Structure formats: structure tokens, C-alpha cells
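The values are calculated or read from the model by the stated rules, or taken from the named source; none is laboratory data. Small disclaimer: the values here were computed from a predicted structure and weren't measured. As a convention, Cβ positions derive from the backbone with ideal geometry for all residues, glycine included, and neighbour counts pool all protein chains shown.
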Amino acid sequence: MRFCYFFLFLGFSISLSAQKKAPAKPAVDPIEAKVNALLAKMTLEEKIGQMTLFTTGWDVTGPTISGNHEQEIKNGKVGNVFNAHTVDFVRKIQKLAVENSRLKIPLLFGYDVIHGYKTIFPVPLAEAASWEPEMAKLSAQVAARECAAAGVNWTFAPMVDIARDPRWGRVVEGSGEDTYLGTKFAVARVQGFQGDLSGPESVIACAKHYAAYGAAQAGRDYHTTEMSDRTLREVYLPPFKACAEAGVGSFMTAFNDLNGVPASGNKYLIRDILKKEWNYKGIVVTDYTSINEMVPHGYAADNKDAARKALIAGVDMDMEGSTYMDYLKALLAEKKVTISDIDDATRRVLRQKFRLGLFDDPFKYINNEREKKTILRADHLEASREVARRSIVLLKNNGDILPLKKGLKKIAVIGPLGNSKVDMMGNWYGAGDAANCVTILEGIQKAAESGTQVGYYKGCDVNSKDTSQFAAAVKAASEAEFVILAIGESGDMTGEAASRSDIRLPGVQAALLAAIVQANPNTAIVLMNGRPLDLSNIVDIAPSILEAWYPGTQGGHAIADVLFGKYNPSGKLPITFPRSVGQVPIFYNMKNTGRPMNEGKYTSKYIDIPNTPLFVFGYGLSYTKFEYLEINTNKAVYDVNSFVKVNVTVKNTGKVAGEEVVQLYVHDIVGSVTRPVRELKGFQKVKLEPGQTILIQFQLTPKDLSFVRLDNTFGMEAGKFEVFAGGSSSATISSTFEMK
Ligand code: NOJ
């Protein structure tokens, strides 16, 4: 038996860093000095210009900009644009600013580079399913390199909204339901996009949507959110705080109102928490026209009133709404806003421009040669394939029908998503081009042995009632040795403004599945979707299910790698898959209630379905098996605020090498307020050869055991804790320890 040790130290050692001497700080930060010097020369209009962001357009002739905006940039009245990309266009617009405006302040060029620019990576939810933040960092690095080469210097990503409601279409853009996992991914993405911002391969990132946008009532996009301050601070804010600490250049306010106050007018969120408590110095930009939307929210009388409320709340830049441009001057004259708030906002924008080095070289990002050489580089495509295969989750594999056996003569690829290029990219794919995408059919054709015949039959559309193509697909299934059935949601069924009330497979796809499996039980389902689906009506019939999400440009190859066993799947769900939409919101770190579910009637449960979801958070299979042998802590009793070492022993008891995401969960048994039944506090993906055993040591920091206590302070409480380890949130081996 092979045995190896793997030590993992999560958290930071306070004592070590405290021993190091802090380097002497220069009296005045050089960037601040430059910002102040420039600010001193600026007129009010020019300051408001820096607080203004407008989109450029795109029509059949290519990128466009309206005559008005051209003039406004020349006059210094618009300091930032978005949606402009490709070097020639960006150069043209940057020239308007630096060759014509009085102070020659370069523009920021924003763009939604969410999961890739031209080389599209798996959607963010999929990347989170890798449980490897390094993969998200790599994906963000490649995206930054490509979009920076196309002239972009600011991405509106990452979306760090915690989302516990699969009806909400934007779950696809985040990292799922868990704060701990989501925070790790948020930071990795910021690091990936920004690097140290010094070179031309990094861009400013944007933590969005601040805050609690993922908690929209009933999962309906843009809807109201209501929550306690404790839940806000414990569940929804930590990824944002971590981004601020990681130096993210900007924050974007959300569309929703939170406890009655729209996010873009929410002083508590922006000035009190973000700018004061967290000492954040970057830009706070609104989401698209969300200042104006305070009028229909019923929070502002008109756009002027909305502009006033936004500035007072701490919004630095108006995206597309024109309210700052139209009203700040008058509001200042009427003494309804202050020049110090305007100066502060302007400083924040200039600071990022200096950080990017744009004043030294406004064309730093603008280089045709680099654009040509960088986009869709071979190593970028390889990285996208690697991240994609590490994001795929094996949900079911009856009789180990996957991976595909050698020597197959005939494979039928069936289903509406089996040969769709555009759907490989999901919903928000920046400048991604469907023509560059590898479909599932193409991936399988490439990977199959030379003697294998691979045919494609659509069977039906994603979302229609038409079953006229069933017969041909069923015939092909019965004549094939193996069937790959690619079904799910089309890319445009997820993302912004794509909430669903019914999260089952759309159209007649479930019926197609039943017919195909009946014709040939050697069928593997490949799901493509951007949210948890209710798979209750297919899970028992489907012999094998692979959750491939929207895997990006190289998706077909990545899926084939997993189907043919070239890569042993290692992804785990970053969000719970419910049995029914009636269970929503359902998430693993719920409270126990005073009447936890058991046999009796008067306990917290449904009378028609179990409380448990179909697939729990953290779940995912492999072509091998892992057994959790032991968990213990190095002591039974600790002093409050000390670090706890937890040892977990795992063995690969199967026949092939595989990677397992070892997960650590903690339960604080009694608190001054009720605590979740368990909370993720550590994870690590490790590779084990067959028969290999590994010891992983996690370290729980005082912060990991802390929460917002009854008196609203954040900290740990003395008492007993349980700690669980396993390959999902149902982790069964456990140990206890006490903090005294
Ligand atoms: C609206 C979306 O909510 C936001 O995420 C995006 O960055 C902006 N539009 C800009 O496109």
C-alpha cells in the first residue's frame, strides 16, 4: 500500500507575518500625488466626465460610436466607454480623448469578459465545479491577456453573487451557493484578471453585483431582496469583502433593492460598509442605468433626485444612465451634493487609470501585432480544454458504462445539443465566435478509434413540442453500440433576464431520453445547462449522466476526454440540484430547525417529497472509488481563537487513478444564534493512484469558526464543534473538538 502525506495549511499565520518588519512607507503615495495634482487642474465638467460611462455600439459595419459621444469624449465630458473592443476601434476612440480633450485623460475601456474573450472557457458556475480556484485564475489570466490585446482595460467580472435559487438565470455567472467556495473563486478570478496590473496582459476587474442580487425573491431577475443583516454579512458579503482585500479595481452596484433601498442608492452598502468599514479605494460603478431605475423602484422622484441619491450613497460612476452628466452640476449649484463627494469619485477613477499606467501610455493595450498573435493562441485553447474537463461532473454511472469501452463499431450522437456550436459557449461569451467551437459530435469524431462510425441525429429541438424527428433518432440508437445523448438548456435559457419557473428539461427532451434509452440502454446523457435542473423525471431512467455545463470553445474535446476515459472526471457540484422546484431555495448549509425531519408528522418536512435534494452540494462521481478512512483533530480541547488541525485519511479503493475533492465541513453545535447544520471550511483536490492512501491536514483558523454573533460582533464562541470530511456535503466521517 502506498501512503503519502499531504499537508494543507489553510488560512494565514498571524505570528509569522507579525514578525516581519513592515517596509517604511513613502510619505505620499506617488499615485495619490499624481491624482491630486491632476484633480487640481480639472473643471467641474471634466470631473463629471470621469464619473460617466457610455456604451459604444456594434452594427453590421462593425463597432460604432454616436456623434454625440464622440464630441463628449473630445470635450472631456465622457471619461470612460464600454463594449468597445478590437484594437483599431479602441485606438480611434482613445485618440478622441488623448488628442482632443483639454487634459488628455485616457479612457477606460470596459467590456463584459465573463469567461473568456475569444477563447471561451466554461461558464463561471462550471469552473466552480472544478473546485480548483487555480483553474478560474488561469481562465481569467487568459481572458485578460486576450481582451487586453484587443484594447480592453477593464472587465465587468467576476460576478461574485452567492446564489441559492436555481430559477435565477444568473446562477450561471457565479460560483454557486456557498460563501466559502465562492470567496476562493472570487479572489482567484480577481488575481487572474488583474495580476499586479503592471503589464499589458492584465485588466482591472469588477466585483459585481453589490449586493445580494443573487437573493432575488422567487428567483425572478431584478426582483427585490430582503434579508437580515446577519445573513447579508455572513453569506452574501464575504466574497465582495475578499475582492476588496485582493485589490479589485472596481465594484458594480446591483439592480435590486435590499431591505427597501435600491443598491445604487444604498449608502449603508456603499459608503458605510464598502468605503468606510472595508476602506475600499477603487471605483464604484453602477449597473446599466440602475441610477435611473431608482425612479420605477419608487425611491427617487425623477432622474435628478436619483443622481443625488446615488452620489450621496457613494456611487462614483454612472453606467449609461447619463444622470451624473445631466444633473450633477445643477445639484452642486443647489448645494444638494458636495464637491468633496465629486472629488472623491473622480479621484477613484483617476487612481485606476494611473494604476493601469494609462497616463504613461494611453495606447498600452493597443497593439495590432499583439492582438493578432494573442487571440486564440494554442496554449489558450489547451487551457480552455483543461479547465473544461476538470469542470465536468459525473452524476450517475450505472454499471460503470462510462468510460466508453474500446473497439466500438458504431456510436450515435443524439440530441439538440450534440452538434450546436453556439451553445458550447453558454449565454455571455464576450467576443467569442461559434465558428471556433468544437461540438460534442466533433469532439467524439476526433477521439473515436479509426474504425468507429460516428453519426449524428438531432431528435428534437431544445424547447419545442415537435417529436417528428424522434423516429430517426430511435432507429439510430437501436442500431448503434453506444449512444451519447446531448440535452439540456440552450445557452440563451440562462444568464440575465432568463429566470425559469420550471427547471425541468425543456420541451420534449425527457420523452426523447426515455425513447432512446428504451431503444439502447448503453446510453450516456451529456447535460448542458447553466443552472441546477430538476432531473427527477429522468434520473432513474438514465443509465449515466455527465454534467458538462456550457464548456466553452474546446468543450467537445473536453467532453470526449471524459467519455473515453482520457480524463477521469473530478468535478463536484457547486450548487444543490433539487428534486423539485417546490424545494427551492434549498442549500446544504441550512439551519436544523427545532423540529428536524424524522419519522413523526410534526417535523419540518414536505408530505409529498423528501427534504433531501436529488444531488447534494459537493457531489460528483469518478471512474474510481474513494473511501474516507479517518478524521481526527490534533487535540480535543483548544483555547478560544487558536488554530485547529484536522487530519483526514482517504484511500483510492478503485482500479484506476483519480482525483478527489476532499471536503471539510464544520458544525458549531450551540451558538448565541442558531448555526447552519454544516459549513464548508476547507477543500482540496488530490490525485490518488489505485490503492493509494493519503493524509490531508487542514487547518481551521479562528475566522473559519467565527460568525456574526447575537451582539452583531464577528467572532468565535466557546463550545463544542463537529467536523466532517467526505466527498460531498453529505460527508459522513466526523470528529468533535471543543473551544474553551
Ligand atoms: C447588465 C449586467 O447586469 C451587468 O452584469 C453587466 O456588466 C452590464 N449590464 C454591462 O454590460
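Applying a threshold of 8 Å to beta carbon distances and a minimum spacing of six or more residues, or different chains, the list of pairs starting in segment 198-214 at a residue that is modelled with pLDDT under 95 and ending at one that is among the hydroxyl-bearing types (Ser, Thr, Tyr) and more than 11 Å from the ligand (Cβ to nearest atom) reads 200/365.
Yes/no per residue for (1) free of Cβ contacts under 8 Å to residues at least 40 places away in the same chain; (2) within 23 Å of residue 138 (Cβ to Cβ); (3) within 16 Å of the ligand (Cβ to nearest atom):
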| site | (1), (2), (3) |
| --- | --- |
| 385 | no, yes, no |
| 422 | no, no, no |
| 428 | no, yes, yes |
| 432 | no, yes, yes |
| 439 | no, no, no |
| 442 | no, no, no |
| 460 | no, no, no |
| 472 | yes, no, no |
| 485 | no, no, no |
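In this structure, residue 494 does satisfy being polar (S, T, N, Q) and within 16 Å of the ligand (Cβ to nearest atom). Scanning segment 182-197 for residues that are of a type in the set (A, V, I, L, M) and either within 10 Å of the chain's Cα centre (by Cα) or modelled with pLDDT under 95 (or both) gives 186, 197. Counting the residues of segment 88-139 that are of a type in the set (S, T, N, Q) and touching a Phe, Trp or Tyr at 6+ places or on another chain (Cβ under 7 Å) gives 2.
In the condition set (1) in a loop (DSSP other than H, G, I, E, B); (2) within 16 Å of the ligand (Cβ to nearest atom), residue 176 is compliant with all but (2). Checking each residue in segment 126-143 for being surrounded by 24 or more Cβ atoms within 10 Å (Cβ to Cβ) and more than 16 Å from the ligand (Cβ to nearest atom) picks out 126, 127, 128, 129, 130, 131, 132, 135, 136, 139, 142.
Taken over segment 247-262, the residue count meeting the criterion of being surrounded by fewer than 18 Cβ atoms within 10 Å (Cβ to Cβ) and touching a strand residue (DSSP E or B) at 6+ places or on another chain (Cβ under 9 Å) is 1.
What residue, of 717, 722, 660, is touching a Phe, Trp or Tyr at 6+ places or on another chain (Cβ under 6 Å) and either modelled with pLDDT of 95 or more or assigned to a strand (DSSP E or B) (or both)? It is 660. From the list 517, 526, the one residue that fits, being crowded, with 18+ Cβ neighbours inside 10 Å, of a type in the set (Val, Ile, Thr), in contact (Cβ under 8 Å) with a residue 40 or more places away in the chain and not in a loop (DSSP other than H, G, I, E, B), is 526.
Among the residues of segment 230-270, those identified as of a type in the set (D, E, K, R), farther than 22 Å from residue 352 by Cβ and away from the ligand (no atom under 16 Å from the Cβ) are 230, 233, 234, 267. For residue 187, the conditions (1) more than 30 Å from residue 72 (Cβ to Cβ); (2) within 16 Å of the ligand (Cβ to nearest atom) are fulfilled apart from (2).
Residue 152 - would you say it is part of a strand (DSSP E or B), crowded, with 24+ Cβ neighbours inside 10 Å and within 16 Å of the ligand (Cβ to nearest atom)? Before the answer, list the steps.
Details: part of a strand (DSSP E or B): no; crowded, with 24+ Cβ neighbours inside 10 Å: yes; within 16 Å of the ligand (Cβ to nearest atom): yes.
No: the conditions fail for residue 152.
Could you check segment 398-497 for strands (runs of 3 or more DSSP E) lying wholly inside it with 3 or more residues that are within 27 Å of residue 620 (Cβ to Cβ)? Please lay out each step first, then the result.
Values: elements: 410-414, 453-457, 482-488.
In segment 398-497, the matching strands (runs of 3 or more DSSP E) lie at 410-414, 482-488.
Would you check which residues across segment 277-306 are within 16 Å of the ligand (Cβ to nearest atom) and acidic (Asp, Glu) and list them? Listed by number, the residues that qualify are 287, 293.
Residues in segment 203-227 that are touching an Asp or Glu at 6+ places or on another chain (Cβ under 7 Å), crowded, with 24+ Cβ neighbours inside 10 Å and hydroxyl-bearing (Ser, Thr, Tyr): 213 only. Taking segment 556-590 as the range and being aromatic (Phe, Trp, Tyr), closer than 27 Å to residue 121 by Cα and in a loop (DSSP other than H, G, I, E, B) as the test, the residues that pass are 564, 567, 587.
How do the helices (runs of 4 or more DSSP H) wholly within segment 285-363 filter down when requiring 3 or more residues that are at pLDDT 95 or above and among the polar types (S, T, N, Q): which remain? Even if it seems obvious, please write down each step before you answer.
Numbers: elements: 294-297, 303-313, 323-333, 339-355.
Helices (runs of 4 or more DSSP H) meeting the threshold: 339-355.
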